[in-house]
Each structure stands twice: as C-alpha cells, then as structure tokens.
Amino acid sequence: MNDSISVLNSGSSSIKFSLFDQVEEEELRLVFSGQVDGIGVMPKFTAKDAAGTVLAKEQWDDHPGQGHQQYISRIISFIRQHRVKLGLELVGVGHRVVHGGSKYNRPVRITAEILAELDRFTPLAPLHQGHNLDTIRAIEKIGPEIPQVACFDTAFHHTIPEVAQRYAIPRSLTEEGVRRYGFHGLSYEYIARCLRHQEPELASGRVVVAHLGSGASMCALQGGRSVASSMGFSAMDGLVMGTRPGSIDPGVVLYLLEEKGMAYGDIVDLLYKKSGLLGVSGISNDMRELEKSQAPEAKEAIELFLYRIRRELGSMVAVLGGLDGLVFTAGIGENSSLIRRRVGEQAGWLGVKIDHSANDKGEPIISTFASKVAVWIIPTNEELMIATHTRDLLLKR
Ligand code: ADP
C-alpha cells in the first residue's frame with residue numbers, strides 16, 4: 001500500500017481538499033482534489049482527479065447550526081472511499097492555518113495543547129483562524145487516531161528583520177502581538193523552492209514575488225528568505241485585492257467610526273467584502289470581468305491595482321538594494337498577460353523588458369534576453385507545500 005496525505009484548506013464560504021500519494025522517496029503526486037463552495041448559501045461539492053476527470057458534482061443541503069462539521073464528515077468519507085479503492089494508506093492530514101503568531105516558524109503536529117494555543121491567535125485573524133481550527137477539531141472527532149499537521153501562512157515570514165516587523169506604536173502593544181506578520185507564506189515558500197530547483201543562481205539573489213489572486217500581496221526574497229511582505233498585521237494590508245482595500249490610512253477607519261457612526265461589523269464588512277476591485281469598479285471583484293468591461297470605473301480599478309503594485313515594487317527594491325528577478329503567481333499573476341505586461345512596463349526603470357510573445361503565451365520566462373531582471377511566471381501550489389510539510393513532519397525524523 002502506498003502512503004497518502006490529505007490536505008484541507010478551510011475558509012468561511014469554501015472548504016478545499018486534496019489527496020497526494022507518495023510516488024518516490026521525495027515526490028508527492030496529486031491523486032484528486034475538490035471543494036465545497038457556497039457554504040451557508042447553496043453548497044456545491046465537486047471533485048476531480050489529477051487528469052481533470054470529474055469524480056463528483058453534487059448539490060448539498062445546508063443544515064444551519066451544524067457549521068463546517070457537516071461538510072467535513074462528508075469530505076472525509078469521500079476521501080476515505082476513494083483512497084481505499086486506490087489502495088492508499090492515510091499518513092495524516094495537513095491543514096492551512098492562517099496564523100501561527102510570533103511563535104510558530106514552521107509546521108507543527110497538532111496536540112490538544114497546541115490547538116488551545118492556536119485558538120489564542122484567533123483574534124489576530126478573526127475571519128479565517130476559527131474555520132481552520134474548527135476543521136481540525138471536526139477531524140479529531142471523526143478519527144482521533146489521524147495525525148494532523150498545521151501549516152501556517154505566517155511561518156515563512158519569520159525571517160523578516162525585526163525593524164520591518166514593528167509598527168511605531170507603544171512597545172506593550174508590539175509585545176502582545178500587534179506587529180507585521182505577512183501572509184501567503186506557503187505560496188512564497190513554494191515559489192522560493194521552485195526557483196531553487198530551476199534557477200539556483202537567481203534564487204540566491206534579490207527577487208520580488210507578486211502573488212496576485214483574490215487576495216494579493218508581494219514578498220521580497222533575499223537568498224530565498226522573506227525579508228519584506230506587503231501584508232502586515234492582517235491580510236488586509238498592502239495591494240488592492242478583490243474585495244479588500246489594501247493599505248489604508250487608519251484615519252479612514254476612525255472617520256467611519258466617529259463621523260459615519262458605523263458599527264464594528266459594518267466596517268469589517270466594508271473592508272473585507274466591499275472594497276478593493278469591487279468597491280472601486282462597482283462592477284466585479286473578478287479581474288477577468290474588469291478587463292472585458294468598457295466602463296471607466298473598471299479601468300480605474302485596474303489602474304489603481306497597477307499603481308499600488310508599482311509603489312510596493314519600488315519599496316521592495318529599496319529594501320533589497322536592487323532586483324534580479326520578478327515572479328508572477330496566483331490567479332491574476334498566472335493568467336493575465338495584460339497585468340503582467342503593464343507591471344513590466346511600469347518597472348522599465350529597473351531594466352525590466354518583457355518579451356510580449358512569451359508573455360502572451362504564458363511561458364515560464366517572459367523577459368527578453370536584454371532584460372536586466374529575469375521575469376518568471378510560476379504557478380503556485382500551496383496544497384503541495386502543505387502535503388510536503390505534513391509528510392516530512394510525520395514520516396521523516
Ligand atoms: P484565491 O485563491 O485567492 O481565491 P486565485 O489565485 O484563484 O484566488 O485568483 C482568483 C482571481 O484570479 C480571480 O478573481 C480572477 O480575478 C483572476 N483570474 C483568473 N483567471 C484570470 C484571467 N485569465 N485573466 C485575468 N484574471 C484572472
């Protein structure tokens with residue numbers, strides 16, 4: 001029987017899952033993946049094998065009050081059924097957990113004590129951490145013997161220097177955890193690992209990675225280690241995102257509170273769900289829709305998205321003292337030739353030159369021979385990173 005690792009990524013409205021099996025000593029291979037989305041509204045369950053063949057497509061009922069637990073048991077039984085059919089043994093389950101606080105700089109095997117500790121970080125990521133931990137608890141109930149591993153979005157950024165982690169606020173607040181953490185760490189770790197394998201010389205240099213998806217951030221890598229992130233205390237800071245504003249003067253939040261008399265929940269809703277590309281365009285949070293639209297508001301949203309990337313890139317180049325490589329990843333970064341071209345043009349002052357034909361075809365390297373900066377597209381794979389960490393932690397001592 002071959003070993004297999006299951007990966008779960010649990011959000012507020014969706015739960016993604018996948019199963020990897022161990023082919024050779026070092027390689028993990030995707031067997032199938034799927035998700036339940038539309039949780040709380042109209043849950044839809046889909047699963048596909050690695051070749052894209054549909055294994056399941058179902059409408060599920062939502063039983064209010066039963067939370068994510070009701071879906072987890074069905075997902076786990078789906079995984080078990082298919083795993084057994086394929087003759088695969090389950091080594092453990094790896095989870096994406098948003099916050100590891102200041103303590104966890106690497107994945108950790110879950111125990112009751114660690115779970116209680118991770119719960120203390122819930123106020124730092126109120127929209128995500130609770131769902132991540134509920135999923136771990138649900139699996140513990142179903143199969144207490146299943147080893148579980150938490151992989152943190154913050155862990156990769158522990159190498160960010162102290163000065164870049166601090167906010168200029170009273171020390172006591174910094175000490176209690178009000179500091180810049182940075183997120184999307186599993187994606188950046190995966191990209192850093194790919195670069196190390198594919199282009200070790202570039203990987204040892206100064207690279208900025210732009211993770212442009214529904215959530216968007218940038219990370220400065222020096223020798224493959226994170227030295228700066230556009231995200232900070234929460235996953236709201238930095239770039240313009242699908243529905244989040246990115247950097248915003250805290251004075252705006254005070255204005256909403258004091259002058260507009262907005263309640264906490266309404267401000268959370270405005271900043272997490274109604275801002276960003278959606279807020280500016282008034283049309284959509286989906287870059288594909290905005291690129292197709294002729295509306296001036298859609299163009300303004302795209303221009304703002306690009307402008308903030310331009311500024312963030314400049315600030316990261318200042319931190320790195322130059323730039324050897326630029327990597328695009330995630331939904332927009334991997335698929336939008338328009339955004340890549342425009343970011344490349346904006347970075348012309350750094351000696352970036354985009355090969356338009358390679359960019360239109362979405363080739364791995366999209367800079368010209370003459371470009372002073374190597375520009376890459378690397379599809380991210382956070383799930384594989386989680387599976388790899390889980391296997392390493394549970395099988396390699
Ligand atoms: P997340 O994992 O954060 O939900 P993704 O990395 O999947 O997000 O990115 C989702 C976004 O990618 C979509 O909202 C869409 O705007 C964008 N996207 C996907 N394909 C394209 C495309 N061909 N052109 C432009 N944008 C795209």
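With n ≥ 4 as the cut-off for DSSP H runs, can you work out [θ] at 222 nm for the chain, using -39500 (n - 2.57) per run divided by the number of residues, rounded to the nearest 500?
Working: 16 runs with 158 residues, N = 397.
Rounded to the nearest 500, it is -11500 deg cm²/dmol.
Size of the dipole of the chain about the Cα centre, Lys and Arg at +1 and Asp and Glu at -1 on the beta carbon, nothing else charged, in debye to 20?
So the dipole magnitude of the chain works out to roughly 280 debye.
Placing unit charges on C-beta atoms (Lys and Arg positive, Asp and Glu negative, everything else neutral), compute the dipole magnitude of the range 238-397 about its Cα centre in debye, rounded to 20.
Once rounded to the nearest 20, the dipole reads 420 debye.
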- State, in angstrom, two size descriptors of the chain derived from its alpha carbons: Rg to one decimal place and Dmax to the nearest whole number. 21.1, 64
- Message: Taking amide H atoms as placed 1.01 Å from N in the peptide plane, list the residues 5 or more away in sequence, or in a different chain, whose amide H sits under 5 Å from that of VAL149.
- Response: VAL93, GLY94, HIS95, ILE110
- Message: Sorting check: for 340-351, 145-156, 81-92, which peptide has the highest mean count of neighbouring beta carbons within 10 Å, and how do the rest follow?
- Response: 145-156, 340-351, 81-92
- For the range 284-363 and the range 56-96, compute the distance between their C-alpha centroids and round to whole Å. 37 Å
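Determine the percent antiparallel among the DSSP beta bridges restricted to the chain, to the nearest 5. It would help to have the intermediate numbers written out before the result.
On the way: 42 of 63 bridges.
In the chain, DSSP labels about 65 percent of beta bridges as antiparallel.
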- Note on the structure: the chain, Gaussian network, Cα under 10 Å: of GLY130, GLY276, GLY322, the residue fluctuating most is GLY322
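Just rank SER247, SER226, fewest to most, by other beta-carbon atoms within 10 angstrom.
On the way: SER247 15, SER226 22.
So the ranking, lowest neighbour count to highest, is SER247, SER226.
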- The answer for THR368, listing residues at least 5 apart or on another chain whose modeled amide H is closer than 5 Å to its amide H, is LYS353, ILE354, ASP355
- Note on the structure: Net charge near GLY362 (other residues with Cβ under 14 Å of its Cβ; Lys, Arg +1; Asp, Glu -1) is -1
- Task: Specify which residue in the list GLY52, ILE267, GLY215 is farthest towards the positive end of the charge dipole of the chain, using unit charges on the beta carbon of Lys, Arg (+1) and Asp, Glu (-1), about the Cα centre.
- Result: GLY215
- Report ³J(HN,Hα) in whole Hz for each residue of the range 362-373, in order, from the Karplus equation J = 6.51 cos²θ - 1.76 cosθ + 1.60 where θ = phi - 60°; Gly and Pro get x. x, 6, x, 10, 10, 9, 7, 4, 7, 5, 7, 10
- Over the chain, calculate the relative contact order: mean separation of alpha carbon pairs under 8 Å at least 6 apart, over the residue count, as a percent. 14 percent
- Query: Using a Gaussian network for the chain with springs between C-alpha atoms less than 10 Å apart, which of these wobbles most: ASP324, ASP62, ASP21?
  - Reply: ASP62
- 3J(HN,Hα) from dihedral phi, the range 227-240, Karplus parametrisation 6.51/-1.76/1.60, rounded to Hz, x for glycine, proline: 10, 7, 9, 6, 8, x, 5, 10, 7, 10, 7, x, 6, 5
- Message: What are the equivalent ellipsoid semi-axes of the range 49-113, built from the alpha-carbon gyration tensor (square roots of five times its eigenvalues), in whole angstrom, biggest first?
- Response: 27, 20, 13
- Quantify how much of the Cα-Cα distance distribution of the range 200-377 extends past 24 Å, in percent. 38 percent
- Evaluated at 20 °C and 1.002 mPa s, the Stokes-Einstein D of the range 258-363 based on the Kirkwood radius over Cα pairs, in µm²/s, stands at 137 µm²/s
- Inter-part gap, Cα centre of the range 210-248 to Cα centre of the range 260-282, in whole angstrom, is 19 Å
- Item | Rounded, prolate or oblate (a/c below 1.5 giving rounded, otherwise prolate when a/b exceeds b/c) for the range 2-152 by Cα gyration tensor | oblate
- Task: Rank GLN69, GLN22, GLN198 by mean-square fluctuation in a GNM of the chain with C-alpha springs under 10 angstrom and give only the top-ranked residue.
- Result: GLN198
- Item | Footprinting exposure proxy for LEU271, LEU195, LEU338 (fewest neighbouring C-beta atoms within 10 Å first) | LEU338, LEU271, LEU195
- Task: Just name one of GLY87, ILE5, ILE72: the one whose Cα is farthest towards the positive end of the charge dipole of the range 2-152 (beta-carbon charges, Lys/Arg +1, Asp/Glu -1).
- Result: ILE72
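Each reported figure results from applying straightforward, stated rules to the coordinates on display, with no laboratory input. These figures come from a predicted structure and were not determined experimentally. Here Cβ is always computed from backbone atoms with ideal geometry, including for glycine, and neighbour counts include all displayed protein chains.
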